[in-house]
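Single-structure report; data block below.
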Amino acid sequence: MRRDRMRRRARATMLMAAFLSLASVSSKTVAFQSNMPSTRPSPSSSARRDYVGSDRHRSRCQPSPIADRAGPNDAFHWSRSYASNTNNDQSALPITTTPSIHSLLEAGRLDDAAAEMRDRTDVPASTYHAVIEACCAGGGYDPRKKSKGKRQQRTQRHGKDKKDEDRMELAEELLRSMKEGGVPVTAHSYEMIAAGFARRGRWRDASRVLLTMEEACSENPSLNVYQTVLASLARARQPREMDALLTSMRRRGVRPAVSTYNSLLKICASDRVPRWREALSLLSQCQREPGVDPDIITYTTAMRACARGGRAGKAMELFGAARDMGLKLDVYIYTTAMDACAKGGGTRWKKALSLMDEMRDEGIEPNEVTYGVAVMACGNGGKWERALELLDRMRERGLSINAITYNSAIAALSKAARMESKQHAGDEDTSVLWRKALSLIKCMEDEGIRRDSFTFSSAISTCGATGRWEEAVNLIEDMKRDRIKPNKVAYTSAITACANSRQWEPAFALFNRMKDDGLRPDIVAYNALIGAGMTAEKPIEVFDMWLEMCGGSQPDADGRGGGAISPDIVTLTEVIATLDVASGKVNRERADEVFAEAVRRGLILRKDSLDTVREVDLSTMSMPVARAACRFIFRRMAEQNGRRGSSSAEGEDDGDDLGDLSLITGANRMREHIRAVLRDELKPGVYCVVPKLEQGTLVVKEMMLRNYIDGQEGGRS
C-alpha cells in the first residue's frame, strides 16, 4: 500500500511538471490561459488527477500519434491532448489518450494491445516487434523479467484467456499486418515467430516460417533460431527433417557450432526411447563439419545415448576415440563409460570396476555418481563384498549415499543369494547375505533416506533365496508402516521365501493379501504359490490353483477365483510334479487331466513342433511330465484307433497304417525311466527296444502297439 501511494504521488508530480513545462513554451497555451473566463478557475493538481480517471475523460479521449511511443507515462498524453484540443475548442477541458500499447503489454493485455494496433496506421516496427515477442513468449512484455505483486497476478490471469497456440496465430496476423501496412519486416520478425513455434513443439509451423523467411529476406536467420528449431525437431524425433535443416543452414552459410551438436545429442541421450543411432549420426556429422571439432561434452553425451540403448561396445569405442584425440578425460566421461559397462550385461561389469581404478591412477577423483555406478556394476555381477566396500569408502570420504546406490548394493546381495541358493550354498554363507540386506535397510532408515518398493523387494528377494520367510513377511509389514504399497514383486518374493521353507499357510495368506490390496496376481505369483504347495506337498490345493488359473473355478464370496491366468510350462511342471509325488488313483487322474489341458492349450506336444504321431521328443521334459506324456500318448493312440475301427465297420477305409513309435529320451536316466513306465504302468505292459545307432531313442514296434490297443479294447468290452 505504501509503495502504491508513493507511485501515485510521483505520477501526479510528473503530470504537473509536464503540464507546466508545456504551458511555459507554448504561446497558444499561454494565450488560452490568459483568456480563460474567471468563472472557470484553473484546475488544481488533484482536480486534474480526478478528471483524468473519470468516465467523461475516457469518453472524450482521442488517439495521439505519439501514444505508442510515450510508454506508460500518461503525462505526455495528457499535456499534448490538452494543447491540441485548445486550438479547436476554447471551452475544452484537459483530456488524455487511451492507454499506450506498451502499457497494455506490461499489463499482459495482448488482445487489447493488438486491437489498439488494428485501429492505427502509424504504428512503428519496434511496437510490432514488442507485441510479436510478447505473443511468442506466451504473454507478458518481457518473459525473462520476473514481475512481482499485482502485475504478476494480472499477467497470469490474462495469460489464461487464450492458449499459447492462439497467441502464435496472433503473432502471424501481426506479421501480415506489417507487410500490408508497409512496415519494414526484418529477419528478426520471422525469427521470433519461428522460435515461438519451435518452443511449443510445433516444428512444422517453425519450419514453414523459416522457409518463408529464407525466401522473403536477404538476411540469413541467426544460429540461435536454427538451434531452437533443430531442438524442436530432435524432441519430435524427426531425424530427416533435422538433416534437411542442417543442410539448408550450410547452404546459406550458417555453420552449426559444436554447441549445436551438443544440444541435439543431449536430447537424444535424455529421451525415454533409446536413440543411440541418431546420436552416432549426429556425432559423425559433427566430426565432418568444417571448422567444428567435437569436444569432451560431445563424446560424453553420445556415450550416454549408447549406454541408455544398451550399446556398451559402441560407448567404449567412443571412449577410446576421445582418448586417442587427446581430449582431457574428466570424471563425467569415465562415469558414463562405467555406466555403459554396468548396463552392458555379461562380464562387462568387470570393465566398469577397472575403469574406476584407472580414474584414480589418472588423478581423477570419483564423485557420488561414479561410486553409485560402480556399486550397480557390483550388483549386476553379484559381487556384494566389493559393493559394501565401496559404500564404506564413500562414508570415509564424506560422500552422500542416495537411495539408488543403496538399492544397487541390496540388489547385489539379492543376486548373490539367488546364485548361492541354486548352487546349494551352506547355511553360514547365506545367513550373512540376508543379515547384510537388513543392515543396509536399517542404515537407510537411520540416515533419513526414503526406502522405496525396489529397496524392500530386493531385501525380500534376499530373504526368500535364503529361506528366511519370517523376515520376508516382516518386511512386507515394514513397507506398509512406511506407507509404501507392496507391489507384485515384493509379494512374489515373500511367497517364494515361504515356498523355500515349505510354509504353505503363510504363502497362501500373502497371496490372498495381495488380492485384497487390489493387485491381480500374475503368472509369476501363481507359480510362486504353486511352488510353495509343491514343497509343502499340498496336491489338492495345487490342483485347485491350476483350475483357478485356467478359469475352471468359480469366484467365492470374497470375489476371489476365476482368474483365468494362462499357465505356462513352469506351472505345468510344478503341478504335475506335486500330483506325481502324491499317491492314489485320484491324483494320477488329476495329473492326466492337467496334461490333457496343457496339450489343448498348446503348452506341450504342440502341433507346430517336430513331434509327429510316430515320433515324440521327451528329452526336454521333467520325469513326472514325461511320465504323464507317455500315458497321454498311448491313451490318445488307442482312442484314435478305436474311432478308425468303427469307421471301418461302417465300410470306410481309413488307409492308415499304424507303424512303429519312436520316443526320443536321450542316453541318460530318462531312457530307463520311460522304459520302466511303459513296462510297469501301462496295461498291458509295453516293451521297447534301443536301436544300436540311436542310443537316445526308444522304439515301440507296431506289433507291440497293436497288442496294447487290443488290450484296451478288450478291457472296455
Cα-centre dipole for the range 273-325 with unit charges at Cβ (Lys and Arg positive, Asp and Glu negative), debye to 20: 320
Considering the dipole of the range 307-438 built from charges on the beta carbon (Lys and Arg +1, Asp and Glu -1) around the Cα centre, which of 321, 437, 310 is farthest to its positive end? 310
Would you calculate the separation in nanometres between label points at residue 323 and residue 360, each defined as 7 Å from the Cα along the Cα-to-beta-carbon direction? 1.8
With a Förster radius of 41 Å, plug the Cβ-Cβ distance of residue 251 and residue 177 into 1/(1 + (r/R0)^6) and report the FRET value to the nearest 0.05. 0.85
Order by protection proxy (mean Cβ within 10 Å, highest first), peptides 113-121, 457-465, 432-440: 457-465, 432-440, 113-121
Mean Cβ-within-10 Å packing, highest first, puts peptides 229-236, 256-263, 466-473 in the order 466-473, 229-236, 256-263
Low-density loop positions, GluC sites (Glu not before Pro), the range 318-403 - DSSP coil, at most 16 other Cβ in 10 Å: 362
Stretch residue 402-residue 118 to full length: gain in nm at 0.36 nm per residue minus the Cα-Cα span? 96.4 nm
Give, in nm to one decimal, the length gained when the segment between residue 513 and residue 169 is fully stretched (0.36 nm per residue of separation minus the Cα-Cα distance). 118.2 nm
Using θ = phi - 60° and Karplus 6.51 cos²θ - 1.76 cosθ + 1.60, couplings along the range 272-289 (whole Hz; Gly, Pro as x): 5, 8, x, 10, 5, 5, 5, 5, 5, 5, 5, 5, 5, 5, 5, 5, 8, 5
Taking a threshold of 22 Å on the Cα-Cα distance, which of the pairs 314/351; 442/515; 343/383; 383/436; 383/422 fall above it? 442/515
Could you point to the residue in 334, 388, 354 farthest towards the positive end of the range 324-408's charge dipole, with +1 and -1 charges on the Cβ of Lys/Arg and Asp/Glu respectively? 388
Among 577-584, 693-700, the order from most to least packed when residues are scored by Cβ within 10 Å on average: 577-584, 693-700
Projecting each Cα onto the charge dipole of the range 468-541 (Lys/Arg +1, Asp/Glu -1 at the beta carbon, about the Cα centre), which of 472, 514, 484 comes out farthest on the positive side? 484
Run the numbers for residue 244 and residue 601: contour at 0.36 nm per residue of separation, minus the present Cα-Cα distance, in nm. 123.3 nm
With a point put 7 Å past each Cα toward its Cβ, work out how far residue 485 is from residue 583 in nm, to one decimal. 4.9
Taking protein heavy atoms only, a 1.4 Å probe, and rounding to whole percent, the accessible area of the range 243-373 owed to carbon and sulfur comes out at 49
Could you work out how far apart the two model spin labels at residue 640 and residue 270 are, taking each label as a point 7 Å from the Cα in the direction of the beta carbon, and quote it in nm? 6.3
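The values are calculated or read from the model by the stated rules, or taken from the named source; none is laboratory data. Please read these numbers as outputs of a predicted model, since none were measured by experiment. Cβ coordinates were reconstructed from backbone atoms using ideal geometry, including for glycine residues, and neighbour counts include every protein chain displayed. To get the accessible areas, we keep the full protein, side chains included, count just its heavy atoms, and leave off ligands, DNA and RNA. Shrake-Rupley method; radii C 1.70, N 1.55, O 1.52, S 1.80 Å.
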